[in-house]
Amino acid sequence: MLSREDFIFTIGYDGPVAVVDNHAKRKYGKLGTAELAEKGFFRAAYSSARFSGNSQELELVAKAYNSLGMHPPVDIIAMERLFGVSLVDVKRSISL
């Protein structure tokens, strides 16, 4: 399983290997879900919430995203499709 930071900043997959944005990981990897959402990193915030499995964090991200006034508002299920994030069993990562 990937570390939290690797999962949050995964930008794609090369077969069974996650490709991680190393620059963003180093700069923002220690931020919590709420802090990522406050900074506008909604994909990373959603990934953090999914990794934690905490439904309150998922709601927090949805609320922060919807506060931008996007129409129509999105729910937790729509956010998974919107950001293309799902938990995948990957054991290795490479950093770019």
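Throughout, read-outs are computed from the coordinates displayed, never taken from laboratory work. Given the structure is predicted, the values throughout are model-derived calculations rather than measurements. When we count neighbours, we look across all protein chains shown, and the Cβ atoms used for this are built from the backbone with ideal geometry, even at glycine.
Summary of values
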item: Mean shadow area of segment 1-43, taken as a quarter of the surface of its Cα convex hull (nm²); result: 3.0
item: Footprinting exposure proxy for Y28, Y13 (fewest neighbouring C-beta atoms within 10 Å first); result: Y13, Y28
item: Neighbour-count ranking [beta-carbon atoms within 10 angstrom, fewest first] of D21, D75; result: D75, D21
item: Compactness of the chain, expressed as Rg and Dmax over alpha-carbon positions, Å; result: 13.0, 38
item: Counting DSSP beta bridges with both ends in segment 4-95, the antiparallel % (nearest 5); result: 50
